[in-house]
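**Q** Please see the structure below; I have some questions.
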Amino acid sequence: MAEDTAIFAGGCFWCMVRPFDTLPGIKKVVSGYTGGHTDHPTYEQVCSHTTGHTEAVEITFDPDVISYEELVNIYWQVTDPTDAGGQFQDRGDSYRPVIFVNSPEQRKIAEASKAELQASDRFNGKKIVTQIEDAKPFWPAEDYHQDFYRKNPLRDAIQEAPRKRFEQEHWSDKA
């Protein structure tokens, strides 16, 4: 069975697991930190905004079942690609939207998808500011951050509400 990874940052990693977790072809989704300069950062260190890390998810998938392009298309629908300062109620650089690519092929797909989204004018003239960066070491977050939506369904629903409203406003034609 084939295997590849995708790394996406789009605000709090708690909210980035569920959209991918149960799709066919997804082997696992891990919450963690990437893009910084500290090895094995802790949640407290990342929250201090001194490590340069971004909260992200690392998705291990079978490209024979679900393509990287499909994952990127889902990513656009669960983030606000016009907000560089964070995502929804999650503010700051550690919550910025980034697609971390691990190959020239992933970069090509992500950049083409971003250009297509910008040309669509889905966001009424707002610029797509999501960065596309080379993947850096990914550090899994502490255990209590893993599978958060399953362990804390009420808190997850509250955290998820602004994303759902945004998704309905901008992607309802995709339903």
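**Q** Go through the stretch 35-66 and give me each residue that's closer than 18 Å to Glu3 by Cβ and either under 16 Å from the mean Cα position of the chain (by Cα) or among the β-branched types (Val, Ile, Thr) (or both).
**A** Selection gives Val57, Glu58, Ile59, Thr60, Phe61, Val65, Ile66.
**Q** Going through the stretch 119-175 one residue at a time, which ones are among the β-branched types (Val, Ile, Thr) and out of contact with any Ser or Thr (no Cβ under 8 Å at 6 or more places or on another chain)? Give the derivation first.
**A** Filtering the stretch 119-175 down to residues among the β-branched types (Val, Ile, Thr) leaves 128-130, 132, 158.
Once the filter is applied, which keeps residues that are among the β-branched types (Val, Ile, Thr) and out of contact with any Ser or Thr (no Cβ under 8 Å at 6 or more places or on another chain), the stretch 119-175 yields Ile132, Ile158.
**Q** Considering only the stretch 1-94, give the helices (runs of 4 or more DSSP H) lying wholly within it that have at least 1 residues that are farther than 20 Å from Gln131 by Cα.
**A** Answer list for the stretch 1-94: 13-21, 43-47.
**Q** Return the pairs, sorted by first residue and then second, in which the second residue is aromatic (Phe, Trp, Tyr) and open to solvent by 60 Å² or more (accessible area, probe 1.4 Å), the first residue lies in the stretch 150-163 and is free of Cβ contacts under 8 Å to residues at least 12 places away in the same chain and under 17 Å from Val29 (Cα atoms), the beta carbons are less than 9 Å apart, and the residues are 6+ apart or on different chains.
**A** Final answer for the pair search is Lys151/Tyr144.
**Q** Consider Ile66 carefully, then state whether it is surrounded by fewer than 23 Cβ atoms within 10 Å (Cβ to Cβ) and closer than 27 Å to Arg122 by Cα.
**A** yes
**Q** If you don't mind, there's one more thing I want to ask. Test of understanding: among Val78, Val46, which residue is buried (at least 17 other Cβ atoms within 10 Å of the Cβ), in contact (Cβ under 8 Å) with a residue 24 or more places away in the chain, touching a strand residue (DSSP E or B) at 6+ places or on another chain (Cβ under 8 Å) and not aromatic (Phe, Trp, Tyr)?
**A** Values: Val78 fails: touching a strand residue (DSSP E or B) at 6+ places or on another chain (Cβ under 8 Å).
Matching residue, one of Val78, Val46: Val46.
**Q** I need every pair where a residue in the stretch 117-129 that is under 18 Å from Pro97 (Cα atoms) has its Cβ under 9 Å from the Cβ of a residue that is open to solvent by 50 Å² or more (accessible area, probe 1.4 Å) and among the small types (Gly, Ala, Ser), sequence separation at least 6 or different chains.
**A** Taking only residues 6 or more apart or on different chains, the pairs are Ile128/Ala115; Val129/Ala84.
**Q** Considering Gly10, Gly25, Gly36, Gly32, which residue is under 21 Å from Tyr149 (Cα atoms), open to solvent by 10 Å² or more (accessible area, probe 1.4 Å) and in contact with a strand residue (DSSP E or B) (Cβ under 8 Å, 6 or more places away or on another chain)?
**A** The match here is Gly25.
**Q** Return the residues of the stretch 122-157 that are assigned to a strand (DSSP E or B) and either under 18 Å from Ala112 (Cβ atoms) or hydroxyl-bearing (Ser, Thr, Tyr) (or both); say none if nothing qualifies.
**A** Listed by number, the residues that qualify are Gln131, Ile132, Glu133, Asp134.
**Q** Just the residues that are under 30 Å from Val46 (Cβ atoms) and open to solvent by 60 Å² or more (accessible area, probe 1.4 Å), please, taken from the stretch 109-124.
**A** Pass one, the stretch 109-124, residues under 30 Å from Val46 (Cβ atoms): 109-111, 113-114, 117-118, 123.
Matches in the stretch 109-124: Glu111, Gln118.
**Q** Only one residue in Lys136, Lys127 is basic (Lys, Arg), crowded, with 16+ Cβ neighbours inside 10 Å and at negative phi. Which one?
**A** None of the others qualify; the one that does is Lys136.
The values are calculated or read from the model by the stated rules, or taken from the named source; none is laboratory data. Remember, it's a predicted structure, so these values are computed and weren't measured experimentally. Every residue, glycine as well, gets a Cβ built from its backbone with ideal geometry; the counts of neighbours run over all protein chains shown. To get the accessible areas, we keep the full protein, side chains included, count just its heavy atoms, and leave off ligands, DNA and RNA. Shrake-Rupley method; radii C 1.70, N 1.55, O 1.52, S 1.80 Å.
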